[in-house]
Amino acid sequence: MQVVKPNAVRIQRMARFGKRAFHDLTTLPSKQPIISQGTPGYSAVSGHTVTVFGATGFLGRYLVSKLGKIGTQVITPYRDEDEARHLKLMGDLGQIVRMEWDIRDEKSIAECLRHSDIVYNLVGRDYPTKNFSFEDVNVLGPERIARIAREEGVSRFIQLSHLNADPDSASKFYATKAEGESRVKELFPNATFVRPSQMFGYEDKLLTNIAIWPIWWKLNNGETKIRPVHVLDVAQALSSLLTMHKHSGVLNLPGPSTLTYEYLLDLVDSVTLRPPSKAPVLPKRAAELLSEFGKAVWWPVLSKDEVVRRYINDSQVAGDWATVGVEPSEIEDHAITYLRRYRSAANFVRPVSFPARPLVSSSCAS
């Protein structure tokens, strides 16, 4: 029988898993120790168990991917199983745990939170439906999740909001986002509220929507000012919060530049190499009347509140990117990635040229 000396075993473990150090041990606000181990990467063990509500959404899938790559066990609640299948591949074996839930079912919420030390709530809805109003999703939902998370002993709560969250906003979406923050803060005083501006990416409602429906982005003569941010930058910022146990309060994540819808329309036309849209500029009242017809169909179309938001400039608060160690990228750096599919076959590989950026005042008023 071969005898293996203890020192040899220790050397083998160090070669396989990497040497442990003091920085591998962290303590949560609840005094619970978290020990990360293994070589950095997909097959590591970060020691954290995280629940990501809204994991099947636009931002959620990128956050789950980044958490999975650092060895975090992620609970991914879902309503439709088909929408959560792709998440299974974003972590090592057993690290991505799918669980069915409903935002009104407290028992299912508790099951999703039972073993977690951090919860991300990315659930949100920028248009109302016959089943869920703005209040149901943006106010009552976060409040219910926060209350149950506190009862289950979750130590940290990270709530996704919006850069323009304001209780006095003319938009119900922005107003309910602010109200949701207030409800969560009452239950989790040390909660972190992440406020990104409108995000762009593969499944976005900005660049791809402008390419398909430019008429809706001409409202207000295209003069509305926004600060678009890359979805991967926001996902990285959220992932960085995993190890920032003492950070709480509001984290503003706007894009690096203030642009107008008029410039974005020109940008999309330049990248896709298509002629500018000849669609007319609709008066606000006409757009609101047309949006009423959207209630008759079962797929999301422009809502009345979205028309209101087309006239609201993005807040000009300073960004907190340095806090999370991320440098946001410009929209031009990624435009061809998300818009190439709208080019014709003859223009598919032609070089990209961008329109000249107009001078945009940084002062904004809603």
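The values are calculated or read from the model by the stated rules, or taken from the named source; none is laboratory data. This one's a predicted model, so the numbers in the text were calculated from it and none came from an experiment. FYI the Cβ positions are ideal-geometry reconstructions off the backbone, even for glycines, and counts take in every protein chain you see.
Answer yes or no: is there a residue in the stretch 178-199 that is touching a residue at least 24 places away in the same chain (Cβ under 8 Å), assigned to a loop (DSSP other than H, G, I, E, B), within 16 Å of the chain's Cα centre (by Cα) and over 16 Å from residue 302 (Cβ atoms).
Yes, because at least one residue in the stretch 178-199 is touching a residue at least 24 places away in the same chain (Cβ under 8 Å), assigned to a loop (DSSP other than H, G, I, E, B), within 16 Å of the chain's Cα centre (by Cα) and over 16 Å from residue 302 (Cβ atoms).
Is one or more of the residues making up the stretch 135-155 in a loop (DSSP other than H, G, I, E, B) and buried (at least 21 other Cβ atoms within 10 Å of the Cβ)?
Checked the stretch 135-155: at least one residue is in a loop (DSSP other than H, G, I, E, B) and buried (at least 21 other Cβ atoms within 10 Å of the Cβ).
Of the conditions (1) touching a residue at least 40 places away in the same chain (Cβ under 8 Å); (2) in contact with a Phe, Trp or Tyr (Cβ under 9 Å, 6 or more places away or on another chain), residue 69 clears all except one; give me its number.
(1)
In the stretch 98-128, what residues are out of contact with any helix residue (DSSP H, G or I) (no Cβ under 9 Å at 6 or more places or on another chain), surrounded by fewer than 19 Cβ atoms within 10 Å (Cβ to Cβ) and either modelled with pLDDT under 95 or assigned to a helix (DSSP H, G or I) (or both)?
107, 108, 111, 114, 115
Keeping to the stretch 117-154, report how many residues are without any contact (Cβ under 8 Å) to a residue 40 or more places away in the chain and under 23 Å from residue 244 (Cα atoms).
Counting residues in the stretch 117-154 that are without any contact (Cβ under 8 Å) to a residue 40 or more places away in the chain and under 23 Å from residue 244 (Cα atoms) gives 2.
From 270, 248, which residue is hydroxyl-bearing (Ser, Thr, Tyr) and more than 21 Å from residue 222 (Cβ to Cβ)?
248
Across the stretch 241-299, which residue is nearest to residue 132 (Cα to Cα) among those that are assigned to a helix (DSSP H, G or I) and either within 20 Å of the chain's Cα centre (by Cα) or polar (S, T, N, Q) (or both)?
Per the stated criteria, the residue is 291.
So residue 289 fits all but one of (1) buried (at least 20 other Cβ atoms within 10 Å of the Cβ); (2) over 30 Å from residue 73 (Cβ atoms); what number is the exception?
All conditions pass for residue 289, except number (1).
Assess whether residue 302 counts as being buried (at least 16 other Cβ atoms within 10 Å of the Cβ) and either touching a strand residue (DSSP E or B) at 6+ places or on another chain (Cβ under 7 Å) or at pLDDT 95 or above (or both).
no
This table checks each residue for (1) aromatic (Phe, Trp, Tyr); (2) closer than 30 Å to residue 118 by Cβ; (3) surrounded by fewer than 20 Cβ atoms within 10 Å (Cβ to Cβ).
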site: 238; (1), (2), (3): no, yes, no
site: 244; (1), (2), (3): no, yes, yes
site: 249; (1), (2), (3): no, yes, yes
site: 267; (1), (2), (3): no, no, no
site: 277; (1), (2), (3): no, no, yes
site: 297; (1), (2), (3): no, no, yes
